[in-house]
C-alpha cells in the first residue's frame, strides 16, 4: 500500500471535481488502497481551505456538504505525529508542513500540482513528488 501526503491543492481539486485524478486518490484511500497521511496542522489547512466559500460554492456544494467532505477526510487520514521539524527547506513556507508530514509519516510520495515548489528536498528523505495522475496510475497498476 502506498503512503501519500496530499498537498492542499489536491484536496481542493477533489472537492471541486469529483471525476478527476485528485478525487480518485480520495476514493483509493476510501478503498484502503492508499494510506493518506496528514499531521494536525496540515489537516487544519485542508479544513480551512475546504470550508472557504470560494471553494465549496465553486464545487456547487452547500456549507453542510462541504463539512461532510471534511469530516470524511478526517475519517480517512492516518494521523502523523511531528517528531522533528525540518524548517526552513522550501521556497514556500506553507509547503513546509506537507514535507514534515511526509518525512515524519514515512510517506512514499507527496502528491501535488506544484512539484517545483518542493525542489529536490523530498528526495533527500527518499520521498517522491508526484502529480495526481501519476499517483493514481501507480495505485491502479499495483
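Quick one: would you say residue 136 is within 11 Å of the chain's Cα centre (by Cα) and outside any loop (DSSP other than H, G, I, E, B)?
Spelling it out, it is not the case that residue 136 is within 11 Å of the chain's Cα centre (by Cα) and outside any loop (DSSP other than H, G, I, E, B).
For every residue, the table says whether it meets (1) surrounded by fewer than 20 Cβ atoms within 10 Å (Cβ to Cβ); (2) more than 16 Å from the chain's Cα centre (by Cα); (3) touching a residue at least 12 places away in the same chain (Cβ under 8 Å).
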| position | (1), (2), (3) |
| --- | --- |
| 57 | yes, yes, no |
| 60 | yes, yes, no |
| 66 | no, yes, yes |
| 81 | yes, no, yes |
| 89 | yes, yes, yes |
| 102 | no, no, yes |
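For residues in region 25-38 being surrounded by fewer than 19 Cβ atoms within 10 Å (Cβ to Cβ) and touching a residue at least 24 places away in the same chain (Cβ under 8 Å), which is nearest to residue 133 (Cα to Cα)?
If we take residues in region 25-38 being surrounded by fewer than 19 Cβ atoms within 10 Å (Cβ to Cβ) and touching a residue at least 24 places away in the same chain (Cβ under 8 Å), then 33 is nearest to residue 133 (Cα to Cα).
Are any residues in region 32-47 more than 16 Å from residue 71 (Cα to Cα) and not in a strand (DSSP E or B), and if so, which ones?
Residues satisfying the conditions are 32, 33.
Would you please name the residue that is farthest from the chain's Cα centre (by Cα), looking only at residues in region 15-31 that are part of a loop (DSSP other than H, G, I, E, B) and more than 14 Å from residue 72 (Cβ to Cβ)?
Top of the filtered list is 19.
Do the conditions hold for residue 15, that is, is it surrounded by 22 or more Cβ atoms within 10 Å (Cβ to Cβ), touching a helix residue (DSSP H, G or I) at 6+ places or on another chain (Cβ under 8 Å) and within 18 Å of residue 129 (Cβ to Cβ)?
no
All of the numbers you see were taken from the coordinates with simple rules; none came from a lab. On a predicted model such as this, the values are computed, not experimentally measured, just so you know. Every residue, glycine among them, receives a Cβ derived from its backbone with ideal geometry; neighbour counts consider all protein chains shown.
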